[in-house]
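Enquirer: Structure provided below as structure tokens; questions to follow.
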């Protein structure tokens, strides 16, 4: 397979056909392969029962499915004959802020006369708790949110549709095996708990966010929609994408020591035009460090918990993963005059990485189209 969905990938999703119940399938080329008969936990409307089994079952089942797909022993149907659903039941959702370039750019945009990074940024993965109930599958329309906004020139806030609606190109990590309250996940145990990876777009209303976030952080500016891919790439499929983290200075505290980066390339596509190519390998904090920090205080995790990387941005202008950065705070239009999202705009995030078979795999893409506010 040359399309990135070969035997070295086989991402999991949940699909339904007319007159049938939702069940688990894997993508192979341009087909959905029905794997519901492989084990009972796959004949379910979400991946959660299977993910809860743990890494030994994941590896055993992946090997079995690979053999069955290769021998064409399982039923398959064309992609366009199936409807793809949200692949897992989302527990808690946490979004991090792990890109040095993104955090530095945002600091320069909003605090041009100050140090771009706040004092804690290089010492811990900064994050916030999001709203799991508004995580939606790729292809779900995104309604422009309404809320309070106040520009620096205004004396008081106004209410209405967001005027600075944005994207954030991210990766999401799906917890398979949860942890008890009071326990912690060391960096080295990341693969014992995380099942796989999804593409993720953390839609953001920058004007609502700017007015509300002091002193407690993002709230309504983020909680209206977060889109994820319909396919979950298992960690095993990304073994060849593991690479060294960029240098971390100062050296993190011992509980954050270690962890790998991932060599995943991202494309941001606006109305059919590629406007940016952010590289995930430049991220400052690793996924394992994020999970270690998330649980270091004893916070529990559950099957289906989702944590995201934060905006993926690289050091060059054409590698920025948000419109806030691409337009430099709305001052430098790009892509034919865009600054922030307009009604009718469609954004697709694409992802590719080295595969274990020597070629490249294509992760599930994330698409959303902006609909007008419902006022």
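Every number here is computed from the coordinates shown, using simple stated rules; none is lab data. Small disclaimer: the values here were computed from a predicted structure and weren't measured. Here Cβ is always computed from backbone atoms with ideal geometry, including for glycine, and neighbour counts include all displayed protein chains.
Enquirer: Which percent of Cα-Cα pairs in segment 64-126 sits in each 10 Å bin, short to long?
Expert: P(r) over segment 64-126, rounded to whole percents: 15, 23, 16, 18, 18, 9, 1.
Enquirer: So what are the three principal axis dimensions of segment 212-370 from its Cα atoms, in whole Å, longest to shortest?
Expert: Per principal axis, max minus min of the Cα coordinates gives 47, 46, 33 Å.
Enquirer: Continuing with this model, one more query. Let me know the Rg and Dmax you get for segment 12-85 when you use only its Cα atoms, in Å.
Expert: Rg, Dmax (Cα atoms, Å): 11.6, 34.
Enquirer: Stretch residue 71-residue 3 to full length: gain in nm at 0.36 nm per residue minus the Cα-Cα span? Walk me through the numbers before you get to the answer.
Expert: On the way: separation 68, 0.36 × 68 = 24.48 nm, distance 1.94 nm.
Once the chain is fully extended between residue 71 and residue 3, it gains 22.5 nm.
Enquirer: Which order do the peptides 141-151, 228-238, 52-62 take when ranked by the mean count of other beta-carbon atoms within 10 Å per residue, highest first?
Expert: Values: 141-151: 17.5, 228-238: 24.8, 52-62: 15.3.
Most protected by this proxy first, the peptides run 228-238, 141-151, 52-62.
Enquirer: For a quick protection proxy, order the peptides 175-183, 4-12, 75-83 by their average other-Cβ count within 10 Å, most packed first. Before the final figure, lay out the partial values.
Expert: Working: 175-183: 16.6, 4-12: 22.6, 75-83: 13.6.
Most protected by this proxy first, the peptides run 4-12, 175-183, 75-83.
Enquirer: Over the Cα atoms of the chain, what Rg and Dmax result, in angstrom?
Expert: 20.3, 69
Enquirer: Of 220, 86, 253, which is the most mobile in a GNM of the chain whose springs link Cα atoms less than 10 angstrom apart?
Expert: 253
Enquirer: Sorted by packing (mean other beta-carbon atoms within 10 Å per residue), highest first, where do 153-159, 284-290, 190-196 land?
Expert: On the way: 153-159: 8.7, 284-290: 26.0, 190-196: 21.1.
Ranking the peptides 153-159, 284-290, 190-196 by packing returns 284-290, 190-196, 153-159.
Enquirer: Another question, if that's okay. Can you classify segment 289-375 as rounded, prolate or oblate using the Cα gyration tensor, where a ≥ b ≥ c are the square roots of its eigenvalues, rounded means a/c under 1.5, and otherwise it's prolate if a/b beats b/c and oblate if not? Walk me through the numbers before you get to the answer.
Expert: Numbers: a/c = 1.77, a/b = 1.42, b/c = 1.25.
Prolate is the answer for segment 289-375, as a/c is 1.5 or above and a/b outweighs b/c.
Enquirer: Normalised by the number of residues in the chain, what is the relative contact order in percent for Cα pairs under 8 Å and 6+ residues apart?
Expert: Working: 932 pairs, mean separation 84.5, N = 375.
The normalised contact order for the chain reaches 23 percent.
Enquirer: Let me ask something additional. So if we plug the beta-carbon distance of residue 243 and residue 273 into 1/(1 + (r/R0)^6) with R0 = 35 Å, what FRET efficiency do we get, rounded to 0.05?
Expert: After rounding, the FRET efficiency stands at 0.75.
Enquirer: Looking only at 187, 198, 214, which one moves most when the chain is put into a Gaussian network model with springs between Cα atoms under 10 Å?
Expert: Result: 214 has the largest fluctuation of those listed.
Enquirer: Convex hull over the Cα atoms of segment 233-277, averaged projected area in nm²?
Expert: Convex hull of Cα atoms, orientation-averaged projection: 5.1 nm².
Enquirer: How much length would be gained if the chain were fully extended between residue 343 and residue 89, taking 0.36 nm per residue of separation minus their Cα-Cα distance, in nm to one decimal? Before the final figure, lay out the partial values.
Expert: Details: separation 254, 0.36 × 254 = 91.44 nm, distance 2.92 nm.
Gain on extension, residue 343 to residue 89, equals 88.5 nm.
Enquirer: Can you work out the FRET efficiency for the pair residue 375 and residue 192, with r the C-beta to C-beta distance and R0 = 45 Å, to the nearest 0.05? If you can, show how the numbers build up before the last one.
Expert: Working: r = 48 Å, r/R0 = 1.06.
For R0 = 45 Å, the calculated efficiency reads 0.40.
Enquirer: Still on this structure: In deg cm²/dmol and to the nearest 500, what is the mean residue ellipticity at 222 nm of the chain if only DSSP H runs of at least 4 residues count, each as -39500 (n - 2.57), divided by the residue total? Don't jump to the answer; show the numbers that get you there.
Expert: Working: 7 runs with 55 residues, N = 375.
Roughly -4000 deg cm²/dmol at 222 nm, from the helical runs in the chain.
Enquirer: Quick one: what do you get for segment 275-316 if you divide its Cα Rg by 2.2 N^0.38 Å?
Expert: Details: Rg = 13.2 Å, N = 42, 2.2 N^0.38 = 9.1 Å.
Here the answer is 1.44, to two decimals.
Enquirer: Moving to a separate point now. I'd like the orientation of helix 100-110 relative to the chain: the angle between its Cα long axis and the longest Cα principal axis, in ° from 0 to 90, rounded to 10.
Expert: Long axis of 100-110 versus the principal axis of the chain: about 30 degrees.
Enquirer: Cα centroids of segment 56-122 and segment 137-187: how far apart, whole angstrom?
Expert: 15 Å
Enquirer: Next question. Pull out the extension gain between residue 183 and residue 158, defined as 0.36 nm times the separation in residues minus the alpha carbon to alpha carbon distance; nm, one decimal. It would help to have the intermediate numbers written out before the result.
Expert: Values: separation 25, 0.36 × 25 = 9.00 nm, distance 4.46 nm.
My answer for the length gained is 4.5 nm.
Enquirer: Here is a follow-up. Could you run the Debye sum over the Cα atoms of segment 135-248, one equal point scatterer each and no solvent, and tell me log10 of I(q)/I(0) at q = 0.12, 0.16, 0.21, 0.23 Å⁻¹, two decimals?
Expert: Normalising to I(0) and taking log10 leaves -0.63, -0.91, -1.11, -1.20.
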